[in-house]
Amino acid sequence: MSILVNKDTKLVVQGITGRDGKFHTGKMKEYGTNVVAGVSPGKEGETLDGIPVFNSVAHAVQYTGANTSIIFVPAAFAADAILEASEAGIKLVIAISEGVPIQDMIRVTPILKMNGTLLIGPNCPGLITPGEALVGILPAMIFKEGNIGFISRSGTLTYEVVNLLSLNDFGQTTCVGIGGDPVAGLYFIDLLEMFENDPETKAVVLIGEIGGDAEEQAARFIAEKMTKPVVAFIAGQTAPPGKRMGHAGAIISSGAGTAAEKIAAFNKAGVPVAKEPSEIPVLLRQKLEGKI
Amino acid sequence: MKIHEYQARQIFRDYGIPVPDGVLCYTVYEVEKAAREMNRMVVVKAQVLAGGRGKAGGVKLARTAEDAKAAAKQILGMDIKGLIVEKVLVTEAVDIEKEFYVGLINDRNTKSITLMVSAEGGVEIEEVAKNNPEKIIKFSINPLTGLLDYQARNVAMELFGNIKLAQKAASIFMKLYKLYIETDSTLAEINPLVLTTGNEILAIDGKMNFDDNALFRQPKILAMRELDEEELQEIAANEKGLAYIKLDGNIGCMVNGAGLAMATMDMIKLYGGSPANFLDIGGSSNPQKVIDAMNILLSDKNVKAVMINIFGGITRCDDVAKGLIKALEIIMTDIPIVVRLSGTNAEEGLALLKQTGLPTVSSMSEAAQMAIELSKR
């Protein structure tokens, strides 16, 4: 078992003929992801890597039965692409595009809700269910099949931590990079709930960062609703207030969203917080063995 | 992106929100002249991109042109939170019956724009939120309909308790919402919104922030941007595909990815050092990027050691190593550099770096500790 993506995923790539779209489509296919279609207006009838290209997501769905979409289009057109996928009946959209205007995401949100479309991102590295499907730009070789659910707001920090987990024999059910934007799709609580309900997942690793209060909300959710152990790490303890650390969401101001507040919230919820990435597998082992 | 109060007032005015007359001045002479022409009580207000100007003494009431001149002498050149006041706004003083707060903000929890109002105007809303949260009325706006007239009126009615005044205020809320949407704002505040003794409602002070991601479609807003030296550096880095923020420490960091860059800074601190910057070179391993990044890092004279932390995913470590070798051929430096490469093609990268004699390690914590050690020599 796993969450969100698996062997049944039929993926359509929006922006398949762009540089990033093309490159990562190759990587996803190589991993074994069932990439059934690409979308690039004006290029219907062409194929790329043996994958048929369509003018619209609706066509791709009609001809290939695609059920999941990944978006590589430039930020200015990302909201349009997300809505196109949703209106075409796609139930899970992963938006990789970086730099999407916040108000675009605000406008998109209620429509996705009405259509019952789940969104991951934007500005995210995507997700992977090791051994089944890679839907994103994550480097496949560091992942390993196993029982740990993984959720992170960051990209390369995810790779760092997942690598440490795999080296310490903690394989993963599904790893999700939710992205660093202030208004995004699925967030910690949604995914914690999915992992809680996934029989295969034994524990969850959560990587948060400064900005917003999603970590505090996650801590409350864990304390009230979760039976499975969770271990956390928070990046940005030394970040100066008011500065945007690469991620638009990673701004701390007005005394909210600091690393210290988030760590305190997790500690209160009984979630151990690692001081540095290499401590995560150690805490995970202790937690699973019931020592902490 | 932030703008000055005088710029926010101009946007308010463009959208029909009533604002008292004001003149932007750069010299004491201009202030005196403006006050004389207004021929009434005025307020002289420092224009800096920082909050708490009043508390810092940057806002002064002046009864006469002479008073205004004296106030300008004090305020111009003043240091407010590290920013030197180079200009002031001279505005007509109004007779205030009561002060209110009105703000629009993106709320990440409800994923919508929220209208916030309070009868506790004129103080920072963060203070009200902390001490009297019950005094803030919040209304989450449906993105599909936008703010509707009746909603604005109902919120205003809670604030004013008088339909005549509520109608006037609601019209201001509607205009504020319109400009918020049309300028891709992330914060639009009128604080205070005042009720004058003459039963007028006026925006006395305004604050606006904008979404950096949307500046590409907001040329008018972009033209208002005023950058200090640090921001200029950050933008120059941005144009080279790098994200850079200068900090006060002495260990330069060069990392791929924002989250890993933050974790690297944290780790340096954890082991007793102090990071000199945040620097994210992003996903590509283009050698030119590494050269640009090294140039930026080494231009900071506080830097005593450099820690390069790369986790190769899409970025290939051997490409980064090649870029680094090239960079070091061009930039001659005797500042010690520690390189940590892990992930895609790390072994190839480390083998390439052998010839440079740079210390290489495979874990982040080792790299941080070594960089701190070297910075002390």
Practice task
Please work out which residue is nearest to A:Leu288 (Cα to Cα), limiting yourself to the range A:196-240 and to residues that are at pLDDT 95 or above, among the β-branched types (Val, Ile, Thr) and open to solvent by 10 Å² or more (accessible area, probe 1.4 Å).
Solution key: A:Thr227
Fill in the blank from the handout: By residue number, the members of the range B:103-151 that are open to solvent by less than 20 Å² (accessible area, probe 1.4 Å), touching a residue at least 60 places away in the same chain (Cβ under 8 Å) and over 17 Å from A:Pro182 (Cβ atoms) are B:Leu115, B:Gly121, B:Ile125
Exercise for the section: Can you work out which of the residues in the range A:38-65 that are touching a Gly at 6+ places or on another chain (Cβ under 9 Å) and part of a loop (DSSP other than H, G, I, E, B) is nearest to the other protein chains (Cβ to nearest Cβ)? Expected result: A:Asp49
Completion exercise
For strands (runs of 3 or more DSSP E) lying entirely in the range B:55-167, having 2 or more residues that are among the polar types (S, T, N, Q) and modelled with pLDDT under 95 picks out B:112-118
Practice task
Give the range A:167-195 a look and list any residue that's open to solvent by less than 10 Å² (accessible area, probe 1.4 Å), more than 11 Å from the chain's Cα centre (by Cα) and at pLDDT 95 or above, or say none.
Solution key: A:Gly171, A:Gln172, A:Thr173, A:Leu192, A:Phe195
Completion exercise
Filtering the range A:4-25 down to residues that are open to solvent by 10 Å² or more (accessible area, probe 1.4 Å) and closer than 21 Å to A:Thr174 by Cα yields A:Leu4, A:Asn6, A:Lys7, A:Asp8, A:Lys10, A:His24
Fill in the blank from the handout: Subset of the range B:236-267, residues more than 10 Å from chain A (Cβ to nearest Cβ), open to solvent by less than 40 Å² (accessible area, probe 1.4 Å) and not in a loop (DSSP other than H, G, I, E, B), comes to B:Ala237, B:Ile251, B:Gly252, B:Cys253, B:Met254
Exercise for the section: Look at A:Asn123 and say whether it is at pLDDT below 95 and open to solvent by 10 Å² or more (accessible area, probe 1.4 Å). Expected result: yes
Practice task
Considering every residue within the range B:158-174, establish whether at least one is under 26 Å from the mean Cα position of the chain (by Cα), surrounded by 22 or more Cβ atoms within 10 Å (Cβ to Cβ) and in contact (Cβ under 8 Å) with a residue 60 or more places away in the chain.
Solution key: yes
Practice task
Output the number of the condition that B:Lys81 fails; it satisfies all remaining conditions of (1) under 30 Å from B:Ala214 (Cα atoms); (2) buried (at least 17 other Cβ atoms within 10 Å of the Cβ).
Solution key: (2)
Practice task
Kindly provide the set of residues from the range A:148-175 that are more than 14 Å from every other protein chain (Cβ to nearest Cβ), of a type outside the set (Asp, Glu) and out of contact with any Asp or Glu (no Cβ under 6 Å at 6 or more places or on another chain), ordered by number.
Solution key: A:Ile148, A:Gly149, A:Phe170, A:Gln172, A:Thr174
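How many residues are more than 12 Å from chain B (Cβ to nearest Cβ) and either closer than 17 Å to A:Ile151 by Cα or in a helix (DSSP H, G or I) (or both) when one looks only at the range A:274-292?
Matching residues across the range A:274-292 total 8.
Please go through the range A:40-91 and give me each residue that is among the acidic types (Asp, Glu) and over 30 Å from A:Val183 (Cα atoms), ordered by number.
Correct list: A:Glu44, A:Glu46, A:Asp49.
The values are calculated or read from the model by the stated rules, or taken from the named source; none is laboratory data. What you see is a predicted model; the values in this text were computed from it and never measured. Glycine also receives a Cβ, built like all others from the backbone with ideal geometry; neighbour counts cover every protein chain displayed. Calculation scope for accessible area: heavy atoms of the full protein, side chains included, ligands and nucleic acids excluded. Shrake-Rupley method; radii C 1.70, N 1.55, O 1.52, S 1.80 Å.
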